[in-house]
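The values are calculated or read from the model by the stated rules, or taken from the named source; none is laboratory data. Just so you know, these numbers come straight off a predicted model, no measurement behind them. Please note: Cβ atoms are built from the backbone with ideal geometry, for glycine as well, and neighbour counts cover all protein chains shown.
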2 protein chains.
Amino acid sequence: MQSSAVSEVERRTQAERTALSDARMLDAAVALICERGSSGTTLKDVGERAGYSRGLASYRFGNKGGLFAFLIRAIGESWLTALRGATRDKVGLAAIEAATDAHYRFVVEGSDAIRAFYILWFESTGPDAELKRVVANIHERRRRDVVAWIEKGIAAGSIDPAVDTLGTAEQFCAAIIGIVYQWLVTPDAAEHLHFLHESLKRQTARALQPPRLTEN
Amino acid sequence: MQSSAVSEVERRTQAERTALSDARMLDAAVALICERGSSGTTLKDVGERAGYSRGLASYRFGNKGGLFAFLIRAIGESWLTALRGATRDKVGLAAIEAATDAHYRFVVEGSDAIRAFYILWFESTGPDAELKRVVANIHERRRRDVVAWIEKGIAAGSIDPAVDTLGTAEQFCAAIIGIVYQWLVTPDAAEHLHFLHESLKRQTARALQPPRLTEN
DNA sequence: ATCATACTTGTTTGCAACAAGCAAGTGACT
DNA sequence: AGTCACTTGCTTGTTGCAAACAAGTATGAT
């Protein structure tokens with residue numbers, strides 16, 4: 001509004017230009033991945049759908065792997081922020097339950113971006129190097145968060161110290177992945193997704209508060 | 001050995017020829033997928049690595065999706081057979097535990113084929129149509145098996161009839177998927193994989209034999 | 001000998017990847 | 001403030017490669 005308010009050509013700084021094209025290409029890529037899958041998404045289409053030339057996505061991200069890594073990073077970051085908000089000040093089972101709820105909401109609400117995110121996530125199982133590293137990194141961070149919650153719960157006295165911390169955390173993360181998988185292949189079953197999250201909370205609660213040992 | 005035993009060119013029936021080339025291309029594809037991922041695997045390389053021309057894989061399977069569907073079907077079938085053997089005559093928790101053990105062994109032993117199988121499995125999360133249907137089908141069959149085991153366990157009196165049959169089955173299948181994911185991204189941790197399977201058995205046992213209700 | 005089926009080779013099309021050019025923003029010097 | 005050299009965002013031209021299909025050759029069947 002400041003410099004040439006009348007001119008139709010809005011003047012932007014270089015940083016703003018890239019930020020804008022990045023954002024537009026992110027949207028375009030998300031839409032394309034949801035529509036055609038990641039292998040059906042071409043760099044050409046990403047650039048053009050974002051309103052630029054066929055070459056821009058290629059130029060900016062180098063190759064398909066670069067684009068995908070960018071997407072995972074960007075969406076993953078926004079997810080991480082949301083998660084931190086949801087679990088702030090919580091420890092132990094309460095934190096895990098809050099995180100599970102947040103995950104459910106995130107999946108249901110953010111739909112398209114999250115779907116693309118997880119499609120890429122699962123794609124990273126092949127030996128595709130870069131993407132694999134990024135995803136493994138996020139996954140590891142998740143696991144560490146869960147471990148920390150359990151340990152703080154133990155310290156606070158709300159969780160049995162005898163609990164297998166690492167094992168439970170891994171089980172929990174594995175279950176989340178499994179749930180997401182179900183959602184991806186059966187996207188319509190929204191209520192079903194809710195059920196699986198609830199069920200996971202119950203199972204984790206049981207794992208963290210083991211029944212009093214019978215003495216044989 | 002029958003017709004021209006001396007001749008170096010062994011005579012085969014047409015059926016044998018295709019069976020042989022199918023098998024060789026399956027091996028080649030498995031190896032390539034493990035080495036380079038599915039997107040890095042070309043039909044040309046599959047044909048040539050199997051000892052044929054660049055065009056054979058394309059001719060036989062039509063397109064990449066066709067090849068992948070073939071792989072999933074072939075490997076999935078062999079897995080299903082192994083599973084049926086392992087759970088024969090078992091019901092309830094015993095069947096589920098046997099199936100879990102069988103899954104663990106299958107993954108550890110069959111390594112390369114199973115890895116390729118699951119890499120493709122996870123890839124099928126995108127909207128790639130054909131592969132997706134095949135995988136969803138196998139997944140559904142698995143789930144139904146688990147439901148049947150639980151129901152038979154209830155009928156046999158070894159499982160509490162109040163148990164949420166479908167929910168537990170889905171939880172179980174989701175956990176298997178999650179475990180496999182872990183293995184794919186961290187293939188070296190073999191003992192870890194064993195732990196996750198054991199842990200899943202324990203959790204499922206708990207879910208199926210809920211602690212006697214406290215009466216509040 | 002003929003026919004059918006397995007397999008190969010030729011050709012087209014489309015994308016990825018890179019290179020070279022054009023355009024828009026930035027900062028310094030007057 | 002104006003304009004000039006430089007940097008950075010973006011586009012267009014080109015090459016190589018794989019998918020997909022068509023047309024041909026060889027091998028087994030009858």
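Restricting to the range A:12-27, name every residue that is under 20 Å from the mean Cα position of the chain (by Cα) and within 12 Å of DNA strand D (Cβ to nearest atom).
The answer is A:D22, A:A23, A:R24, A:M25.
Out of the residues in the range A:32-45 meeting the condition of being touching a Lys or Arg at 6+ places or on another chain (Cβ under 9 Å) and farther than 20 Å from A:G126 by Cα, tell me which one is farthest from the other protein chains (Cβ to nearest Cβ). Here the residue is A:K44. On the given criteria, is B:R133 away from every other protein chain (no Cβ under 12 Å), out of contact with any Leu (no Cβ under 7 Å at 6 or more places or on another chain), free of Cβ contacts under 8 Å to residues at least 40 places away in the same chain and in a helix (DSSP H, G or I)? Judged against the criteria, B:R133 is not a match. Residue count for the range A:151-165 satisfying the condition of being assigned to a helix (DSSP H, G or I) and either more than 28 Å from the chain's Cα centre (by Cα) or basic (K, R) (or both): 2.
Selection over the range A:88-130 of residues that are within 14 Å of chain B (Cβ to nearest Cβ), of a type outside the set (S, T, Y) and under 30 Å from B:R36 (Cβ atoms) gives a count of 15. For B:E16, the test of being at pLDDT 95 or above and either away from DNA strand C (no atom under 12 Å from the Cβ) or assigned to a helix (DSSP H, G or I) (or both) is failed. Given the criterion within 16 Å of DNA strand C (Cβ to nearest atom) and not assigned by TED's automatic domain parsing to the domain that holds B:S38, identify the matching residue among B:A74, B:A129. Answer to the check: B:A74. Scanning the range B:87-101 for residues that are crowded, with 18+ Cβ neighbours inside 10 Å and without any contact (Cβ under 8 Å) to a residue 40 or more places away in the chain turns up just one, B:A98. Name the single residue, out of those in the range B:61-81 being without any contact (Cβ under 8 Å) to a residue 40 or more places away in the chain, surrounded by fewer than 16 Cβ atoms within 10 Å (Cβ to Cβ) and at negative phi, that is nearest to DNA strand D (Cβ to nearest atom). Top of the filtered list is B:N63. Restrict the check to the range A:59-66 and report whether at least one residue is farther than 20 Å from A:N137 by Cβ, away from chain B (no Cβ under 14 Å) and within 14 Å of DNA strand C (Cβ to nearest atom). So far as the range A:59-66 goes, yes, one or more of its residues are farther than 20 Å from A:N137 by Cβ, away from chain B (no Cβ under 14 Å) and within 14 Å of DNA strand C (Cβ to nearest atom). Summed over the range A:177-198, residues that are touching a residue at least 40 places away in the same chain (Cβ under 8 Å), within 7 Å of chain B (Cβ to nearest Cβ) and surrounded by fewer than 22 Cβ atoms within 10 Å (Cβ to Cβ) total 1.
Candidates in the range B:46-60 are the residues that are touching a Lys or Arg at 6+ places or on another chain (Cβ under 8 Å) and not in a loop (DSSP other than H, G, I, E, B); of these, the one that is nearest to DNA strand D (Cβ to nearest atom) is B:S58.
Within the range A:97-111, the set of residues being under 20 Å from A:L208 (Cα atoms) and of a type in the set (V, I, T) comprises just one member, A:T100.
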